[in-house]
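Below: one structure, written as C-alpha cells.
The values are calculated or read from the model by the stated rules, or taken from the named source; none is laboratory data. As the structure is a prediction and not an experimental result, all values here were calculated from the model. Every residue, glycine as well, gets a Cβ built from its backbone with ideal geometry; the counts of neighbours run over all protein chains shown. Surface accessibility is based on the protein's heavy atoms, side chains included, excluding ligands, DNA and RNA. Shrake-Rupley method; radii C 1.70, N 1.55, O 1.52, S 1.80 Å.
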Amino acid sequence: MERSQFETSLSVPQAPSERAAHVILFICGFVSVLTTIGIVLILAWESFQFFQVVPLRDFLFDTQWTPLFSEKHFGIAALLSGTLLTTVIAILVALPLGLSAAVFLSEFAHEKVRRVLKPALEVLAGIPTVVYGYFALTFVTPILQKIVPNLSGFNALSPGIVMGVMIVPIIASLSEDAIYSVPRSIREGGWALGSARLATIIRVVIPSAYSGIAASVILGFSRAIGETMIVTIAAGLQPRLTFDPRVPIETMTAYIVQVSMGDTPSGTLEYKTIFAVGMALFLLTLVLNLISFALRRRVMKGSG
C-alpha cells in the first residue's frame with residue numbers, strides 16, 4: 001500500500017465509536033465557527049446602523065465621548081486612550097517580570113523545580129478578575145497614593161499595575177516555551193566562543209527565541225486590552241483623552257459594561273454605541289492576534 005493510501009485509510013474512522021466521536025467533534029467545531037460568525041455579523045449589522053446616524057469622522061476624530069449626556073459626542077479616542085494607557089502600564093509591569101521568570105525556569109531552575117514552579121505560576125491566571133479589581137482599588141491604590149503625588153482614588157495606574165501582574169503567567173509561560181525550545185547547540189556555540197552563561201542567554205538565547213517572546217507579549221497585550229472587571233472597578237468610568245495615569249479614565253470594555261447594566265433602553269442610539277465600541281475592540285484585538293499567530297508560526301517553522 002502506498003503512503004498516501006495508508007494515511008487516507010488512517011484518517012477515515014472505522015469502528016462505530018470512532019465514527020460517533022468524529023461526528024460529535026465535527027458538530028462541536030461547526031457550532032464554534034457558527035457562533036463566531038454570528039457574533040461578527042451582529043456586531044457588523046448593529047455598527048452599520050450606528051454609523052448611519054453618527055459620521056465615521058466624528059467617531060474617529062472627536063476628542064470627547066459623552067453619548068449618555070444631553071450634549072452628545074462620539075469620539076472613540078477618549079475610550080481608546082484609556083484602554084491603551086492601562087495596557088501599556090500592564091505590559092511595562094508584566095514584560096520584565098514574565099521574561100525574568102521565563103529565563104529562570106528555562107535556564108537556571110532544576111527540572112524538578114521547573115515542573116513545580118511553572119504550574120504554580122499559571123495558577124495566577126485562574127484568579128477571578130473581580131478579585132484583582134478590588135485588590136487594585138482597596139490595597140494597591142492607597143499604597144500608591146502615599147508614593148505618587150496627586151493620585152486620584154480612581155486612576156489608570158493602579159489597575160494597570162494589577163493587570164500586569166495578571167498577565168505575567170501568559171508572558172512567562174509562552175516565553176519559557178520559546179526559550180526552552182532553542183537548541184542546546186546554539187548555547188554551546190556561545191560557550192565555545194568564551195561567553196559566560198548569562199552573556200550567552202542575553203546575546204544568543206533570547207534573540208534566538210525572539211519570535212516566541214514577541215508573540216507572548218502581543219498575546220498579553222491583547223489580554224490586557226480585553227480586560228473588563230479590573231478597570232471597571234478601579235479606573236473610574238470617566239472617559240477622557242489623556243495619558244496621565246493619575247486621573248480617572250474609562251476603557252472600551254468598561255464602557256460596554258456600563259451601558260449593559262440595564263439603564264439604557266435597547267434599540268436607542270446610546271445602546272448601539274456598545275456595538276460600535278465592540279467592533280473597534282474586535283478589530284484591534286484581531287490585528288494583534290494575527291500578528292501573534294504569524295510570529296508563532298515563525299517559531300514553529302524554526303523549531304521544526
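The order of E71, E250 by accessible area, most exposed first and with a 1.4 Å probe, is E71, E250.
With the alpha-carbon atoms as the only input, what is the per residue convex hull volume for segment 117-163 in Å³? Please report the intermediate quantities before stating the final value.
Numbers: hull volume 3.7 nm³, N = 47.
Output value, Cα hull per residue: 78 Å³.
Accessible area of R197 (1.4 Å probe, protein heavy atoms only, ligands and nucleic acids ignored): about 120 Å².
Rolling a 1.4 Å probe over the protein heavy atoms of the chain, with every protein chain left in place, gives an accessible area that is 68 percent carbon and sulfur. Taken along its three principal axes, the alpha carbon spread of the chain comes to 71, 58, 33 Å, from the longest extent down to the shortest.
So which helices of the chain fit the span-like rule, where a helix is a whole DSSP H run, its Cα atoms reach 20 Å or more along the axis, and its mean Kyte-Doolittle is at least 0.5?
Working: long enough: 16-53 (56 Å, 1.36); 77-103 (38 Å, 2.10); 157-180 (33 Å, 1.47); 210-226 (24 Å, 1.19); 269-303 (51 Å, 1.03).
Helices meeting the criterion: 16-53, 77-103, 157-180, 210-226, 269-303.
Residues I37, I170, sorted by accessible area with the largest first, give I37, I170 [1.4 Å probe; ligands and nucleic acids excluded]. Per-residue SASA remark: F48, around 110 Å² accessible (1.4 Å probe; ligands, DNA and RNA not included). Comparing L288, L121, L193 in a Gaussian network model of the chain (Cα springs below 10 Å), the most mobile by mean-square fluctuation is L193.
Mind checking the dipole of the chain: about its Cα centre, +1 per Lys or Arg Cβ, -1 per Asp or Glu Cβ, Debye to the nearest 20? Could the numbers behind the result be given before it?
Working: 21 positive and 18 negative charges, 190 e Å.
Using only the charged Cβ atoms, the result is roughly 920 debye.
Taking all protein chains into account, the per residue accessible area for segment 211-304 stands at 46 Å² (1.4 Å probe).
Remark: segment 188-271 carries a charge dipole of roughly 420 debye about the Cα centre, counting +1 on each Lys and Arg Cβ and -1 on each Asp and Glu Cβ. Among T251, T66, T141, the largest mean-square fluctuation in a Gaussian network model of the chain (Cα springs under 10 Å) belongs to T66. Per residue, the accessible area of segment 34-154 comes to 59 Å² when a 1.4 Å probe rolls over the protein heavy atoms.
May I ask you to compute the full-extension gain from Q145 to A199, defined as 0.36 nm times their residue separation minus their alpha-carbon distance, rounded to one decimal in nm?
Between Q145 and A199, full extension yields an extra 15.5 nm.
Ordered by 1.4 Å accessible area with all protein chains kept, K112, K72 run largest first as K112, K72. In this view, the solvent-accessible surface of V23, computed with a 1.4 Å probe and all protein chains in place, comes to about 80 Å². By the rule of a C-alpha distance below 13 Å, with chain neighbours fewer than 8 residues away ignored, no aspartates and glutamates are paired with K146. The alpha-carbon positions of segment 186-304 define a convex hull whose volume is 146 Å³ per residue.
Between T87, T138, T273, which gets the highest mean-square fluctuation from a Gaussian network model of the chain, Cα cutoff 10 Å? Answer for the Gaussian network model of the chain: T138.
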